[in-house]
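The structure under discussion appears below in the form of structure tokens.
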Amino acid sequence: MTWLRALKETARTGLTVERRRLEPLVALRAAAGLALVVLVSAVVGGPAMAASSAFGAFQAAMATLQRTWRPRPTLALVSGLTLAVSTFLGYVCGGHLAGFLALLAVWTFLSGLAWTAGPAVGLIASSNVAIMLVTVTLPTSVADAAVHAAVIAAGGVVQAVLIVLFPVRRWGPQRDALADALAAVADYARRLRQDPYAPFDPVPLMTARSAAAVTPRQARRRPGELHGTRGLAERIRPVLASLADPAVGVPREGPARDRVRELLEAAGAVLDEAARAVRRGDRLDVPPAALAALRTPDTPDVLETAPARRAAARLAALLKDVMETATPTGRRPGPEDLRAQPHLLSLVPGAVRDIRAEARRPDSPYLRHAVRVSAVATAGYLLGTVLPFGHGYWAPLAAVMSMRPDFGQTYARSVARFAGTLVGVALATGVLRLADPGAYTSAALAIGAAFATYLLLRTGQTPVQVFLSAYVVFLLGMAGEQWTQTVPERVVLTLLGGVLAMLSYALYPAWETPRLRTRLADWLAAAARYADEVLERYARPDRPLTGAVRQALLDARAARTAWRDAVDRAAHEPVRHRGLSRAATDAAGAAVGRFARAAMVLEAHLPDRSAAPSPGAAALARALRGAAERGAADVRERRVPRWDDVRAALDAAEASADPVVRAGARQMVEALEELAEALADE
């Protein structure tokens, strides 16, 4: 992709407004907390203190609206406290330009590395640094800075208390995540009726798994229907694939295939109804036709193969369990049944280790992001100070809020921020010029703009930036600054900050395109480990159940997600492929996906511990293990992988292997050979 086309694509992305479900009650609660903090601070300490407290309460509310499963009150408290500390240290160092620049460089560098711990942590850290650039200008002495820091922290406390006292749709995000997972499996069942090899995106299941992790306090209050149903959906998915697969199930046409389509339609209906019940907290109302299809007594006679009959029986049993667990009962799961979510402080050592590991890797995208954002923030502040505009913090503020570890988001957010700032500043300026409001009226306008920001947070960057810019203009107007002091330089310096952010990525990039082969090799290795664990269970059914198959599946899903994210990011980068063309990327990804699907079909028929070992499974597992290690290395080194050992092991076991193992292994080998063909021309 050329630079011109990349700029057009990222600009279009940044200006896109999405249709999302709005949450007005959540936005209203956040705005109410902001209004309470501003009112009390204005009465007690005056407009300047009210502005500081407003920034603290605003940022705390923004932290609670991020996509994370951490308890919202904890996020509000952490955001308020870290912003308070940043403000106090920033003011102490602010008297000396060199000292403040050193603090800014260190703070922005750490905020860049914070993205290693996840998008929510990185966003909160970046936002705190950006807002700190404004709040350090409000105090007039060290003692005053301590008071301002205290009211900023109090803003976080107020938001946390409001979340506890006035919960909105308690457990709503967890219900939505589980319902989305059930609905995704239901859609998969319906698509299998037409395409027995239909792909499935496991992201909804992964999201539901993340949402299922709870703290001990949450565990005592979580509704019973939110426990167990996710695990059933996980187990249903491979059973559906096995039932629809002609290689291990029934022929593509005929009475048996018609019965399979009826079962798949019934499964979709039951799962859709379970999703609706979980999302709303209602009782299930399963269509009678779906129940009748699952309970048809002649299904074992119609289905022609033992694997198909076994899959149909397992599907009916699992769907029965879904109908039982998805019904609200008030039951609370025992401690042994819960996925424990570690406390926030217990995650700090691990996060520090991850950050140190990234800091030691010269090619780490997070390290490069930290270097870029630190350099741009420092240079932007220097330029803003030198230029005759005043308020030099606007340039680094715009840059820090725009910059992300990848190219596409950085450029899209820079365009969206400038466009939104231009519109928001124009609207806010028009209001200030026409109405000339006082301090309290400006505060009311700022709270209204904050409410709109909270409400539209999920719809896109441009509408958010419009109201965020208006919020800052109104808030500084409340603090006593005239619109003529804030509007012109904000537009110019915001443009300067966006240009610096874009230039930094062009001059010191962290392109994803050259790393596509590494991501593909990682996915191939993880999928092969999953297949190896499944085959080992066939080879040794009596070995203790250690959860190795499940963990291998989770690792393969994580590797697949990393691959897909890398492909999406690389699609917007203005660099040549240097290793994998677009066609090869699509073909190779599809081949590894088919390989993982074949392993999943085998997992649906895992033998009982009392079953006899499957002949040939151990040899297949050994051959696959060694070939996968060599194949992953070949992919990384731009060589074409060879799978002769796996093909030889399959041929040797062709006559004696279990029919399911034979069919699944054949599909694996075919997928691996398709992968080799996709990479042969690169």
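All of the numbers you see were taken from the coordinates with simple rules; none came from a lab. From a predicted model like this one, the values you see are computed outputs, not experimental measurements. A quick note on method: Cβ atoms are made from the backbone with ideal geometry, for glycine too, and the neighbour counts reach across all protein chains shown.
Measuring nothing but how far apart in sequence close Cα pairs (under 8 Å, 6+ apart) lie, relative to its length, the range 513-680 scores a relative contact order of 35 percent. Phi-derived couplings, Karplus 6.51 cos²θ - 1.76 cosθ + 1.60 at θ = phi - 60°, listed residue by residue for the range 623-637: 5, 5, 4, x, 5, 5, 4, 5, x, 4, 5, 4, 4, 5, 8 Hz, with x used for Gly and Pro. In the chain, the longest principal axis of the Cα atoms and the axis of helix 97-113 are about 20 degrees apart. What shape does the range 1-150 have by the C-alpha gyration tensor, where a ≥ b ≥ c are the square roots of the eigenvalues, rounded means a/c under 1.5, and otherwise prolate means a/b greater than b/c and oblate the rest? Because a/c hits 1.5 or more and a/b fails to exceed b/c, the range 1-150 counts as oblate.
Coupling constants for the range 235-241 follow from the phi torsions by the Karplus curve (6.51 cos²θ - 1.76 cosθ + 1.60, θ = phi - 60°), and in residue order they are 6, 6, 4, x, 5, 4, 4 Hz; glycine and proline get x.
Shown in residue order for the range 289-303 are the 3J(HN,Hα) couplings computed by the Karplus curve 6.51 cos²θ - 1.76 cosθ + 1.60 at θ = phi - 60°: 5, 5, 4, 5, 5, 6, 9, 4, x, 8, 4, x, 6, 6, 6 Hz (x for Gly and Pro). Note the angle between two axes, namely the Cα long axis of helix 203-212 and the longest principal axis of the Cα atoms of the chain, as a number of degrees from 0 to 90, rounded to the nearest 10. With both axes taken from Cα atoms, the answer is about 70 degrees. In deg cm²/dmol and to the nearest 500, what is the mean residue ellipticity at 222 nm of the chain if only DSSP H runs of at least 4 residues count, each as -39500 (n - 2.57), divided by the residue total? The helix contribution divided over the chain gives -24500 deg cm²/dmol. Listed from fewest to most Cβ neighbours within 10 Å, the set Val248, Val425 follows the order Val425, Val248. Centroid-to-centroid, using Cα positions, the range 376-434 and the range 235-287 are 51 Å apart. Can you run the Rg to Rh ratio on the range 513-680? Use alpha carbon positions and the Kirkwood inverse-distance Rh. In the range 513-680, Rg relative to Rh is 1.00. What residue among Ala570, Gln551, Ser581 has its Cα farthest toward the positive end of the dipole of the range 513-680, where the charges are +1 on Lys, Arg and -1 on Asp, Glu, each on the Cβ? Most positive-ward Cα: Ala570. Rg over Rh for the range 374-427 works out to 1.01, using Cα positions for both radii and the Kirkwood form for Rh. Based on C-alpha pairs under 8 angstrom that are at least 6 apart in sequence, the chain has a relative contact order of 16 percent.
Of the residues Ala247, Val151, Thr513, the one whose Cα sits farthest toward the positive end of the charge dipole of the chain, with +1 on the Cβ of Lys and Arg and -1 on the Cβ of Asp and Glu, is Val151. Calculation over all alpha carbon pairs of the range 570-628 in 5 angstrom steps from 0 returns a P(r) of 4, 13, 14, 19, 14, 10, 9, 7, 5, 4, 2, 0 percent. Going from the residue with the fewest nearby Cβ atoms within 10 Å to the one with the most, Glu673, Glu637 rank Glu637, Glu673. Put simply, the Cα atoms of the range 426-545 extend 80, 38, 20 Å along their principal axes, the longest span coming first. Taking other Cβ atoms within 10 Å as a rough exposure proxy, Arg280, Arg540 sort from fewest to most as Arg280, Arg540.
Against the main long axis of the alpha-carbon atoms of the chain, helix 255-280 sits at an angle near 30°.
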